[in-house]
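The structure appears below as C-alpha cells.
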Amino acid sequence: MAQLIDGKAVAARVRAEVKAEVDRLKVERGLVPGLAVVRVGEDPASKTYVTGKKKAAEEVGFHSWEHHRDSTVSQDELLALVHRLNEDPAVHGILVQLPLPRHIDADVIISAVRPEKDADGFHPMNAGSLLLGRAATRPCTPLGVMRLLEEIGCEPSGKRAVVVGRSNIVGKPMALMLLQRNATVTVCHSKSDLPSEVSRADILVVAVGVRELVKGAWIKPGAVVIDVGMNRKEEDNKLVGDVEFAAASERASFITPVPGGVGPMTIAMLIRNTLEAAIRSLVPSSY
Ligand SMILES: Nc1nc(=O)c2c([nH]1)NC[C@@H]1CN(c3ccc(C(=O)N[C@@H](CCC(=O)O)C(=O)O)cc3)C=[N+]21
C-alpha cells in the first residue's frame, strides 16, 4: 500500500516557516508583506478559494486586501485596478483570481501585473525566465508539488517523470521544473497513448481536470503519484482527483489524496511567493 503524502501538514509547515520570516521582517526591517487578491463576479468556487488565500495571508501576518468587482466590470476598469496595485508600495503580491468573465482577455490582465508583484508566476516574463532556467516567480501549484517530492525524499534526477496535462499554469511549468531537476520528462495530452506513457512513470503528475482519468492499473509499481485534479462529484458534492485513488494506492509507493494533497500546497506557495516579493522590494535591483 502506498504511503499518503499529507499536503495539508506540509502546507502548514510552509506557512509556519513564512510566519517566522514575517515576524523577523517586521522587527528588523519594519516591513509587512502585502497581498492583493482581485476577484471578479460571483463564481462560488472562486469565492471559497479567495477566502482561503486571504485567511492564509492573515494567519502568517501579511496585510491582505480583496478587491471584488462585478462580473460586468470592463477590461479597462480591471486594468486600471491592476495599475493602481502595481503602484501601491504596500502591495508586494498581486493575484487575479481565474477564471475571468469571457469579455475580459485574461492574458492582457495577467501581462499588466508587474512581474515583480506577480504572486502566481503567470506573467510571461516569469514564464519565460522559468523556461530559460533563470530566477523567476514560479507558479504555485508545481512549486508545491516540488516541495512535496522533497518532503518524501524523492529525488527527480535520473527518474522518468510523466506529466499529464499541458496547461500554462500547471502542466508546462511542472515539466520545466522537473527537467531543471534532471528528470527525464514526458508531457502527455489528449492525443497521447496515456496507458503506455503512464506505465513508464517513476514520478507521475496528473493535472487535467477529468475525474479518475488515470486508472490504477496503469501505475508502475513503486511510482510516486501526484494528483493535481480537483473534480466535484455531482452525486455527493465531494472532491475527487484525476487518478483512481484506491486502485492507484495499491501500486504506488507514495500518493497524494484529494482533498488534502496538492490544493493546500498551492496556497502555501502563494504565501511564499508573496513573502519573497516583499523581501525583493527591499533591494530594488535584485530582480
Ligand atoms: N490566479 C489564480 N491563482 C490560483 O492559484 C488559482 C486560481 N487563480 N483559480 C482557481 C485555482 C484553484 N486553486 C486552488 C487552490 C487551493 C485549493 C485547495 O486548498 N483545495 C483543498 C480543498 C478545498 C475544498 O474542499 O473545496 C484541498 O485540495 O485539500 C484548491 C484550488 C487555485 N487557483
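Among the residues of this structure, Gly260 does not count as one that is farther than 22 Å from Val14 by Cα, modelled with pLDDT of 95 or more, within 14 Å of the ligand (Cβ to nearest atom) and of a type outside the set (Asp, Glu).
Answer yes or no as to whether Gly216 is closer than 20 Å to Leu148 by Cα and not assigned by TED's automatic domain parsing to the domain that holds Gln97. No, not satisfied.
The listed residues are Leu35, Leu25, and the only one of them that is farther than 30 Å from Val225 by Cβ and outside the structural domain of Ile109 (by TED's automatic domain parsing) turns out to be Leu25.
Condition check ((1) in contact with a helix residue (DSSP H, G or I) (Cβ under 8 Å, 6 or more places away or on another chain); (2) surrounded by fewer than 22 Cβ atoms within 10 Å (Cβ to Cβ); (3) more than 16 Å from Ala268 (Cβ to Cβ)) across all residues:
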residue: Lys47; (1), (2), (3): no, yes, yes
residue: Lys53; (1), (2), (3): yes, no, no
residue: Glu59; (1), (2), (3): yes, yes, no
residue: His67; (1), (2), (3): yes, yes, yes
residue: Val91; (1), (2), (3): yes, no, yes
residue: Gln97; (1), (2), (3): yes, yes, yes
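Please enumerate the residues belonging to the stretch 137-193 that are polar (S, T, N, Q) and on the phi < 0 side of the Ramachandran plot. Scanning the stretch 137-193 gives Thr137, Thr141, Ser157, Ser167, Asn168, Gln180, Thr184, Thr186, Ser190, Ser192.
Go through the stretch 173-216 and give me each residue that's basic (Lys, Arg) and touching a residue at least 40 places away in the same chain (Cβ under 8 Å).
Selection gives Arg200 alone.
The condition (being of a type in the set (D, E, K, R) and either in a loop (DSSP other than H, G, I, E, B) or closer than 17 Å to Ser281 by Cβ (or both)) is satisfied by just one residue among Glu58, Glu21, Glu17: Glu21. Of the residues that sit in the stretch 118-150 and are within 16 Å of the ligand (Cβ to nearest atom) and among the acidic types (Asp, Glu), which one is nearest to Ile226 (Cα to Cα)? Residue satisfying both the conditions and the ranking: Asp120. Among the criteria (1) farther than 23 Å from His63 by Cα; (2) surrounded by fewer than 17 Cβ atoms within 10 Å (Cβ to Cβ), the one Leu130 does not fulfil is (2). Of everything listed in (1) out of contact with any strand residue (DSSP E or B) (no Cβ under 7 Å at 6 or more places or on another chain); (2) free of Cβ contacts under 8 Å to residues at least 40 places away in the same chain, the single unmet condition for Met265 is (2). In the stretch 152-257, counting only strands (runs of 3 or more DSSP E) that sit wholly within it, the ones holding 3 or more residues that are surrounded by 21 or more Cβ atoms within 10 Å (Cβ to Cβ) span 160-164, 203-206, 224-227.
Of all the residues in the stretch 99-119, those that are in contact (Cβ under 8 Å) with a residue 40 or more places away in the chain and part of a loop (DSSP other than H, G, I, E, B) number 5. Scanning the stretch 19-75 for residues that are at pLDDT below 95, touching a strand residue (DSSP E or B) at 6+ places or on another chain (Cβ under 7 Å) and of a type in the set (Gly, Ala, Ser) gives a single hit, Ser46. Taking the condition within 16 Å of the ligand (Cβ to nearest atom) and assigned by TED's automatic domain parsing to the domain that holds Ala161, does Val228 pass? Taking the combined requirement at face value, the residue satisfies it.
Among the residues of the stretch 28-44, is there at least one that is free of Cβ contacts under 8 Å to residues at least 12 places away in the same chain, more than 16 Å from the ligand (Cβ to nearest atom) and surrounded by fewer than 16 Cβ atoms within 10 Å (Cβ to Cβ)? Yes, there is a match, as at least one residue in the stretch 28-44 is free of Cβ contacts under 8 Å to residues at least 12 places away in the same chain, more than 16 Å from the ligand (Cβ to nearest atom) and surrounded by fewer than 16 Cβ atoms within 10 Å (Cβ to Cβ). Apart from one condition, Phe122 fits all of (1) more than 14 Å from Ala277 (Cβ to Cβ); (2) not in a strand (DSSP E or B); the exception is (1). The test for being of a type in the set (Val, Ile, Thr) and without any contact (Cβ under 8 Å) to a residue 60 or more places away in the chain does not hold for Val145.
The values are calculated or read from the model by the stated rules, or taken from the named source; none is laboratory data. Worth saying up front: this structure is predicted, and the values here are computed from it rather than measured. Ideal geometry is used to build each Cβ from the backbone, glycine not excepted, and the neighbour counts take in all protein chains shown.
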